[in-house]
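Encoded as structure tokens, the structure appears first; notes follow it.
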Amino acid sequence: MAVVWDASLDSARAAVSRIGGLGRVDWLLIAVLVGLQYFLWFGVGSWWTVAKLHSQVGQRQSDVQRLEKRNDKLAAEVLSLQNDSAAVAGLARRNLGLVGKNEVFVWVIPSARSD
């Protein structure tokens, strides 16, 4: 019976020492877990990358809205230039300095002083 007691005592000691320390399989599983977590946090599809892409999408959407407003304004101007000759004359007056018949061009230069 002492032999059985010694065998069970050795197995109990091994179990106690096993609980306190980590074996090779445990370290291997921890390494696999850390390796999988690395891609979640720092890889191509990581949380950081996704957050950065969301901020870029927001910036691009605001740029697109601004450009769509500009395009709508230009389309309205083109439509008015196609349909109204007075719009063409107004644009020429504004941008090219057009002066019509029997008109006098007066250029007013503001003073440098601000009173």
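Assuming R0 = 41 Å, can you tell me the calculated FRET efficiency for the pair F105 and V57, based on Cβ-Cβ distance, to the nearest 0.05?
Once rounded, the FRET efficiency stands at 0.20.
For region 53-115, what class follows from the C-alpha gyration tensor (a ≥ b ≥ c being the square roots of its eigenvalues): rounded when a/c is under 1.5, otherwise prolate if a/b is larger than b/c, else oblate?
oblate
Any idea of the accessible area per residue across region 22-115, 1.4 Å probe, to the nearest Å²?
95
Under a Cβ-Cβ cut-off of 12 Å, what is the net charge of the residues other than L67 that fall near it, where Lys and Arg count +1 and Asp and Glu count -1?
Charge balance near L67 sits at +2.
The values are calculated or read from the model by the stated rules, or taken from the named source; none is laboratory data. Keep in mind that what you see is a predicted model, and the values were worked out from it rather than measured. Because the Cβ atoms are built from the backbone with ideal geometry, glycine has one as well, and the counts that use them run over all protein chains shown. For the accessible areas, the whole protein counts, side chains as well, though only heavy atoms, and no ligand, DNA or RNA atoms are used. Shrake-Rupley method; radii C 1.70, N 1.55, O 1.52, S 1.80 Å.
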